[in-house]
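For reference, the structure is listed below as structure tokens.
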Amino acid sequence: MQIVQAPGEVIMLFEYDSKRRQIFTDGRPHDTSLGPLWMGDSIGHWEGDTLVVDTVSFNDKTWLDSIGHAHSEGLHVVERIRRINHDRLSGDITIEDPKAYTRPWTAHLDFLLKPTWTLAERFCEDDASFLEIENKETTPAK
């Protein structure tokens, strides 16, 4: 992931599927006309050195993590992201989705700065091709 701060917005660029996420920080409200979105509609503001991001309007086609925790279109996420030191970001996340979970729950993520890394192109289709090749190599011949 790469984070770019620009006037009125913070942009997150993701390697996987080359996704992008815009977090508007210019004071606008959520745009409810956009409908359900893959990354949701994110509005942020600064509380001192902490970026607080409120995200709504998700579709229900994604997972919350790599092991498959699902959610509904009622998902509401609040993130509090701050820089701990030059090389580290800390993120506290609150997940609320009354259709999928009985109560809100939280998670914590740490991010390390990797200034020499670049984002590669990585798409789901590439993973499928890789798995197909890997399966051919590891499946015994009949």
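Readers should treat all values here as calculations from the given coordinates under stated rules, not as data from a laboratory. From a predicted model like this one, the values you see are computed outputs, not experimental measurements. Ideal geometry is used to build each Cβ from the backbone, glycine not excepted, and the neighbour counts take in all protein chains shown.
Based on the alpha carbons, how large is the Rg to Rh ratio for the chain when Rh follows Kirkwood?
Result: Rg/Rh = 1.03.
Taking neighbour counts of Cβ atoms within 10 Å as a proxy for exposure, in what order, fewest first, do H86, H108 appear?
Lowest count first: H86, H108.
Sorted from fewest to most neighbouring beta carbons within 10 Å, what does the list V78, V10 look like? Each step should come with its number before you reach the end.
Values: V78 16, V10 19.
Lowest to highest Cβ neighbour count: V78, V10.
Report the extension gain between M12 and H30 in nm, rounded to one decimal, defined as 0.36 nm multiplied by the number of residues separating them, less their alpha carbon distance. Walk me through the intermediate numbers first.
Numbers: separation 18, 0.36 × 18 = 6.48 nm, distance 1.79 nm.
That works out to 4.7 nm of additional length.
Give me the one-decimal nm value for the distance between modelled label points at N59 and L113, 7 Å along each residue's Cα-to-Cβ direction.
Calculated label separation equals 3.6 nm.
If you fit an axis through the alpha-carbon atoms of helix 124-138 and take the longest principal axis of the Cα set of the chain, what angle between them do you get, 0 to 90°, nearest 10?
Here the helix axis deviates by roughly 30 degrees.
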